[in-house]
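Down below is the structure, laid out as structure tokens.
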Amino acid sequence: MKTSGWSRRRWLSSLGAAWAGLAMRGTAQAKTQDAPPASPAPADAPLALKDYQPKSMLHGAETKVPRSRYPAIDMHTHLSWAKESSGGVSRGEVMNFLAKPEELIAVMDRKNVRMMVNLTGGTGAGLAESIRVFEKAYPGRFATLTEPSYGSWKDPRFPQIQADAIQQAKNAGARGLKVLKTLGLFLREDLTTGPLVKIDDKRFDPMWDACGALGMPVWIHVSDPEAFFLPTDRYNERYEELSNHPDWSFHGKDFPSNAEIMAARDRVIARHPKTQFLLLHVGNDAENLPFVSQTLDRFPNTMVEIGARIGELGRQPRTAARFFDRYQDRILFGTDAIPLGIETPQQVFGEDLYRIYYRFLETEDEYFDYAPAPVQPQGRWRIYGLGLGESILRKVYSQNAERVLGRKLVTA
């Protein structure tokens, strides 16, 4: 599948500008390709970190895993975006679709992915269109989530409007609700200006309650890697990533700390014990598995998903393997895949993405890349496979997801 340059964070800040930028970037790349090669630097010139691409001298096993051992449900993908967005807040019901379903199905069949869940399915007419484009075309191969209707945020009736929207979304065929980190880091009192709205703002309580009453699980992403909330200095292990993308930093200004965000999320979970929360990105704190374990132990209405965090899990393989063993009934397979070329290669949908995930879960290979890129994007480290047993693999790949979705895979 052909892809174009894309920045997911730029989408959060201005979707329209990002789409316009795709054409401009393609033109710039073409000009670069036509330009004569640059003169090599003198042999004694300092090497820029961005140009450093060391090759490992480790002679280790390289196990090829072309297909998952058992049929998989990818519980975390983004196949569409709301077309209208500014300041990190989406609104409106017009959608942009990022791939044709037949293109996705071809890769899915080769990689043994039996179902993909589209988290950003939109609201209202946009949700109906997302379901038509994917689910109606290939019944049983896709599932679609709805999102909060932030376009109604300034309406005094928003709490009830949003609660009613959950019922309407379920009637339309949505399988759950996706809450992006918009809540807590982008949504403000005047939508895009004024104080940030906290995750545990009680105006959202009717929405959480409606999800619980209707059996609509909540896929929730709050916060970001812990390093994104620290100064971008020589002590920050994500220094290179944050230097390349300074707008990804949530340090300073009026942003809450990572700990404050987690505490607010936990207050929401505690207030709504009848609502099921799927905590994305390994509970949004894959660097701190003891904390994630405490969350799972404290809240029986929670599960976690692994999308875009095998770079964290794979550098602590013994701790991660124990985590998978202990919580094998509460871990979901997901990749955070987006079928567009973006600046986060660990999320680009394609065969390489699934190949790395399968190798991580199924083999005991050592010290391999967690993303198909010359320089590993989240940090200059490599990962180790977990070599999970068959029972755990079956649960993580699909059985836990079937329980959440309330439907069995179509395997024929």
### Task
Excluding residues on the same chain fewer than 8 positions from LYS178, give the lysines whose Cα lies under 24 Å from its Cα.
LYS83, LYS100, LYS136, LYS154, LYS170, LYS198, LYS202, LYS274, LYS395, LYS408
### Task
Keeping the other protein chains in place, figure out the carbon and sulfur percent of the accessible area of the chain, with a 1.4 Å probe.
52 percent
#### Entry: All lysines inside 30 Å of LYS50 as judged from Cα atoms, apart from same-chain residues fewer than 8 positions distant
LYS2, LYS31, LYS64, LYS181, LYS253
### Task
Can you figure out the FRET efficiency of ASP233 with PHE291, using R₀ = 25 Å and their beta-carbon distance, to the nearest 0.05?
0.55
### Query
How large is the dipole of the chain about the Cα centre if only Lys and Arg carry +1 and Asp and Glu carry -1, each at its Cβ, rounded to the nearest 20 debye?
900 debye
### Query
Between GLU390 and PHE299, what length comes free when the chain is fully extended (0.36 nm per residue of separation minus the Cα-Cα distance, one decimal in nm)?
30.1 nm
### Length released on extending from LYS55 to ASP164, taking residue separation times 0.36 nm less the Cα-Cα span
33.7 nm
### Query
In debye, nearest 20: dipole of the stretch 121-234 around its Cα centre with unit charges on the Cβ of K, R (+) and D, E (-)?
340 debye
### Message
What number comes out for accessible area per residue over the stretch 189-256 if the probe is 1.4 Å? Units Å², please.
### Response
47 Å²
#### Entry: Of all DSSP beta bridges in the chain, antiparallel share, percent nearest 5
30 percent
### Query
Tell me, what is the 1.4 Å probe accessible area of ILE73, in Å² to the nearest 10?
0 Å²
### Query
About the Cα centre of the stretch 207-363, what is the dipole size in debye to 20, counting +1 per Lys and Arg Cβ and -1 per Asp and Glu Cβ, all else neutral?
560 debye
#### Entry: Listed residue (PRO225, LEU313, SER68) projecting farthest to the positive dipole end of the chain, Cβ model
SER68
### Message
Restricting to DSSP loop positions (anything but H, G, I, E, B) with no more than 14 other Cβ atoms inside 10 Å of their own Cβ, which trypsin sites (Lys or Arg not before Pro) remain in the stretch 172-250?
### Response
ARG234
### Message
Please report the accessible area of ASP285 (heavy atoms, 1.4 Å probe, ligands and nucleic acids excluded) in Å², nearest 10.
### Response
10 Å²
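The values are calculated or read from the model by the stated rules, or taken from the named source; none is laboratory data. Fair warning: this is a prediction, and the values are worked out from it, not measured in the lab. Here Cβ is always computed from backbone atoms with ideal geometry, including for glycine, and neighbour counts include all displayed protein chains. SASA here: full protein model, heavy atoms, side chains in, ligands and nucleic acids out. Shrake-Rupley method; radii C 1.70, N 1.55, O 1.52, S 1.80 Å.
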